[in-house]
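**Q** Structure provided below as structure tokens; questions to follow.
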Amino acid sequence: MPAGVCYNLYKLTGDLASFDEAIAHERKALDAWAQIVSAAGDVYSENLAFGAHAVGFSRHWKEEYQILGRNFEQVLAERQKAVGRSGAVHWPLRTMAGAPPAVKLLPVTSAQPGRDVEVSASVQAPAGIRWVRLRYRHVTQFEDYQTADMMPDRKTGLYTARIPASFIDPKWNLMYFIEAVDKNGAGRSYPDLEFETPYVVVAVSR
């Protein structure tokens with residue numbers, strides 16, 4: 001995901017430094033994928049249906065690693081021919097706006113049909129908070145995320161939002177993450193994809 005962000009920054013701005021960052025992130029991703037193959041390559045069946053094989057979905061991590069490797073070689077070849085745009089501004093993932101807000105999520109472990117789900121977080125930023133938003137959806141890739149503004153509670157100091165009871169469907173578990181931006185424009189999503197799975201899954205009682 002960081003590689004994709006940096007590559008698209010290059011495509012939008014013509015900044016070669018963003019292209020180089022994309023390559024560095026993709027190389028790390030390939031290394032991580034190699035570890036998956038090493039750890040699980042001889043444990044699971046080699047015919048796992050990740051999707052329709054005829055349209056490009058692999059049948060195993062080994063096959064996916066080979067595909068990723070070929071794609072990476074294409075990216076490297078593209079970089080050799082790339083010409084930067086004059087005056088392009090470099091936008092690193094960690095911008096000069098400063099460190100992003102510090103966020104600590106209060107875990108939500110379960111959800112009940114017919115009841116709102118309250119999500120709270122401690123959010124701190126020396127520059128002050130511009131906004132904090134809760135992004136949530138059912139655990140299905142057919143949906144886009146819903147958005148709710150998280151408002152500070154005067155008593156606890158926590159930022160809180162609710163997923164309405166009408167959204168809770170026993171057919172699907174919930175997933176959510178939080179976006180926080182300070183008054184200088186520095187922001188990040190939490191959980192942070194650089195350190196952990198970038199969303200929280202909440203089991204719905206059935």
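**Q** Would you compute the Debye intensity of the stretch 102-204 from its alpha-carbon atoms alone, equal scatterers and no solvent, and pass along log10 I(q)/I(0) at q = 0.15 Å⁻¹ to two decimals?
**A** -0.60
**Q** Using the number of other C-beta atoms within 10 angstrom as an exposure proxy, rank HIS138, HIS53 with the fewest first.
**A** Values: HIS138 17, HIS53 12.
Lowest count first: HIS53, HIS138.
**Q** Moving on. Let a ≥ b ≥ c be the square roots of the eigenvalues of the Cα gyration tensor of the stretch 57-145; is it rounded (a/c under 1.5), or, if not, prolate (a/b larger than b/c) or oblate? Don't jump to the answer; show the numbers that get you there.
**A** Details: a/c = 3.12, a/b = 1.34, b/c = 2.34.
Judged from the Cα gyration tensor, the stretch 57-145 comes out oblate (a/c at least 1.5, b/c at or above a/b).
**Q** I've got another one for you. So for TYR176, TYR199, fewest C-beta neighbours within 10 Å to most, what's the order?
**A** Ordered by Cβ neighbours within 10 Å, fewest first: TYR199, TYR176.
**Q** Kirkwood Rh over Cα pairs of the chain into Stokes-Einstein at 25 °C, 0.890 mPa s: D in µm²/s? Write down the numbers at each step before the final one.
**A** Details: Rh = 19.9 Å.
D = 123 µm²/s.
**Q** Moving on to the next point. Can you say what percent of the DSSP beta bridges in the chain, counting only those with both residues inside, are antiparallel? Round to 5. Walk me through the numbers on the way to the answer.
**A** Working: 32 of 34 bridges.
About 95 percent, rounded to the nearest 5.
**Q** Further, regarding this structure: Which of the listed residues, GLY51, LEU105, SER122, is farthest toward the dipole's positive end in the chain, when Lys, Arg count +1 and Asp, Glu count -1 at the beta-carbon?
**A** SER122
**Q** Per residue, how big is the convex hull of the stretch 2-81 when only Cα atoms are used? Give it in Å³. Could the numbers behind the result be given before it?
**A** Values: hull volume 7.8 nm³, N = 80.
It is 97 Å³ per residue.
**Q** If each DSSP helix of 4+ residues adds -39,500 (n - 2.57) and the sum is divided by the residues in the chain, what number results at 222 nm, nearest 500 deg cm²/dmol?
**A** Numbers: 3 runs with 58 residues, N = 206.
Computed ellipticity for the chain at 222 nm equals -9500 deg cm²/dmol.
**Q** Test of understanding: extend the Cα→C-beta vector of SER189 to 7 Å, then name every residue of the stretch 131-146 with backbone N under 17 Å from that spot.
**A** Zone members listed by number: 132-146.
**Q** For each of THR160, THR140, count neighbouring Cβ atoms within 10 Å of the residue's Cβ, then give the residues from fewest to most.
**A** Values: THR160 17, THR140 11.
Result, fewest neighbours first: THR140, THR160.
**Q** If you put +1 on each Lys and Arg Cβ and -1 on each Asp and Glu Cβ, how big is the dipole of the chain around its Cα centre, in Debye rounded to 20? Each step should come with its number before you reach the end.
**A** Details: 23 positive and 23 negative charges, 107 e Å.
Roughly 520 debye, rounded to the nearest 20.
**Q** Label-point separation (nm) for GLU63 and SER166, each offset 7 Å from Cα along Cα-to-Cβ?
**A** A separation of 4.4 nm, rounded to one decimal place.
**Q** Using a Förster distance of 35 angstrom, determine the FRET efficiency expected from the C-beta separation of LYS28 and ALA102, and round it to 0.05.
**A** Numbers: r = 24 Å, r/R0 = 0.69.
E(calc), rounded to 0.05, equals 0.90.
**Q** Putting +1 on Lys and Arg Cβ atoms and -1 on Asp and Glu Cβ atoms, find which of THR147, TYR7, TYR159 reaches farthest to the positive end of the dipole of the chain.
**A** Positive-most Cα among the choices belongs to TYR159.
**Q** Among the listed pairs LYS155/LYS183; LYS11/LYS183; LYS11/LYS104; LYS104/LYS183, which are separated by more than 30 Å between their Cα atoms? Walk me through the intermediate numbers first.
**A** Details: LYS155/LYS183 23 Å; LYS11/LYS183 28 Å; LYS11/LYS104 34 Å; LYS104/LYS183 19 Å.
The answer is LYS11/LYS104.
**Q** Treat every Asp and Glu Cβ in the stretch 17-106 as -1 and every Lys and Arg Cβ as +1, leave all other atoms uncharged, and give the resulting dipole magnitude about the Cα centre to the nearest 20 debye.
**A** Values: 10 positive and 10 negative charges, 72 e Å.
Around 340 debye, computed over the stretch 17-106.
**Q** Using the Cα centre of the stretch 102-204 as the reference point, and only Cβ charges (+1 on K/R, -1 on D/E), how large is the resulting charge dipole? Debye, rounded to the nearest 20.
**A** Numbers: 12 positive and 12 negative charges, 60 e Å.
That gives a dipole near 280 debye.
Every number here is computed from the coordinates shown, using simple stated rules; none is lab data. Predicted, not measured: the structure shown is a model, and the values here were computed from it. Heads up, the Cβs are rebuilt from the backbone with ideal geometry, glycines too, and the neighbour counts pull from every protein chain shown.
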